[in-house]
Amino acid sequence: MHKPKPIRAALILFLFALPSWGAPSVLATIKPIHSLAAGVMQGVGEPVLLIGGALSEHSYELKPSDARKLQSADVVFEIGPDMETYLTGPLKALGGGTIVALEYAPGVRLYPARHGGLWGEEDEHGPTDPHIWLDPRNAIAMTRAIAAALVKRDPAHAAVYRANVARQIVLLEALDRELAAKFVPLRDRPYIVFHDAYRYLEERYGLHSVGAVTVAPDRPVGTRRVATLREAAASGRAICLFREPQFPPKLIEALVAGTKARVGVLDPLGADLTPGPGLYPRLLRDLAQSLTDCLGKKN
Ligand SMILES: [Zn+2]
């Protein structure tokens, strides 16, 4: 038996204990795709998150410290030009980094933004609805695209990325089945969301949303729209109105006051959740729970 020298053994341990050793520098713009990237990178390194905390995915302005993070990234994962409008200029100035717009990844379903009725006429997001992560099948397609980009940039860790992808897809498929069962009782329960962020979830699981409070999350809602929304709450056309934690609750509370409609909370981004591989399934389960808590009750 050959006994390794203590110093050499310590050095080997040291190298294995450094997960970022030789890992590419990866940046993801929002928490859901950061979570998917973090899962793919487990054992290799950790991606940097651009938009943390309780910020909206729409009203973001790039700070100088964020611009520096972008500059030093080897790979940037974003939804794409339908979401990260604030990145259009800075990404052009990016050094040798690879930019992966996940809305264009193979297998990702894209829906147009909704118009008419309680969805309003204005077009805040452009023609495409960018909230693609709220369908777990899109999360699977994005996981594959994230891994393909990482394998290309960092072939030394290809085996780890591929093993992580296989594991992540099994988890996402199980999550999709779990959610499908959970949403069955809610299919005929009409509701209004704060902004048009949930179409991917609704199409996937047959949910019955009838409109949005705001067509532009950062602008005040017009008086005519307020009257229409109040009427929807009063007539029972919507049994729940969902607010979002990034925006003050005052307007929605006023809309349901004196009606049988209830107020729930939906968070499309995981504002309060800790970033990491576990965030994505937690985000989807929290949405399912919030919808069930508000819509599941009988009036
Ligand atoms: Zn949004």
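Assorted remarks:
- In the condition set (1) within 16 Å of the ligand (Cβ to nearest atom); (2) in contact with a helix residue (DSSP H, G or I) (Cβ under 6 Å, 6 or more places away or on another chain); (3) among the aromatic types (Phe, Trp, Tyr), PHE242 is compliant with all but (2).
- Residue check for PRO106: part of a loop (DSSP other than H, G, I, E, B) and either within 16 Å of the ligand (Cβ to nearest atom) or over 20 Å from GLU244 (Cα atoms) (or both): yes
- Residues that are within 16 Å of the ligand (Cβ to nearest atom), surrounded by fewer than 21 Cβ atoms within 10 Å (Cβ to Cβ) and either modelled with pLDDT of 85 or more or assigned by TED's automatic domain parsing to the domain that holds LEU287 (or both) do occur in region 117-125, at least one of them.
- Of the residues making up region 53-91, those that are free of Cβ contacts under 8 Å to residues at least 12 places away in the same chain and either within 16 Å of the ligand (Cβ to nearest atom) or charged (D, E, K, R) (or both) number 3.
- Entirely in region 203-299, the strands (runs of 3 or more DSSP E) that have 2 or more residues that are closer than 30 Å to THR143 by Cβ: 209-212, 262-265
- Pick from region 200-210, criterion under 17 Å from ARG114 (Cα atoms) and within 20 Å of the chain's Cα centre (by Cα), ranking: farthest from the ligand (Cβ to nearest atom): GLY206
- Subset tally (residues that are β-branched (Val, Ile, Thr), over 21 Å from GLU253 (Cα atoms) and surrounded by 19 or more Cβ atoms within 10 Å (Cβ to Cβ)) for region 183-214: 0
- Filtering VAL108, VAL44 for residues that are farther than 30 Å from ARG230 by Cβ, assigned by TED's automatic domain parsing to the domain that holds ALA148 and under 17 Å from the mean Cα position of the chain (by Cα) leaves a single hit, VAL108.
- Sub-8 Å Cβ pairs linking a first residue in region 176-199 that is in a helix (DSSP H, G or I) and within 15 Å of the ligand (Cβ to nearest atom) to a second residue that is among the hydrophobic types (A, V, I, L, M, F, W, C) and at pLDDT 95 or above, at least 6 apart or interchain, are ARG199/LEU134, ordered by first then second residue.
- So ASN164, is it within 16 Å of the ligand (Cβ to nearest atom), polar (S, T, N, Q) and assigned by TED's automatic domain parsing to the domain that holds GLN42: no
- Against the criterion of being within 14 Å of the ligand (Cβ to nearest atom) and outside the structural domain of ILE192 (by TED's automatic domain parsing), THR98 does not qualify.
- Candidate set: region 170-182, residues that are under 20 Å from ARG109 (Cα atoms) and among the charged types (D, E, K, R); chosen: the one surrounded by the fewest Cβ atoms within 10 Å (Cβ to Cβ): ARG177
The values are calculated or read from the model by the stated rules, or taken from the named source; none is laboratory data. The structure presented is a predicted model; accordingly, all values stated were derived computationally and were not measured. Positions of Cβ are backbone-derived with ideal geometry, glycine not excepted, and every protein chain shown enters the neighbour counts.
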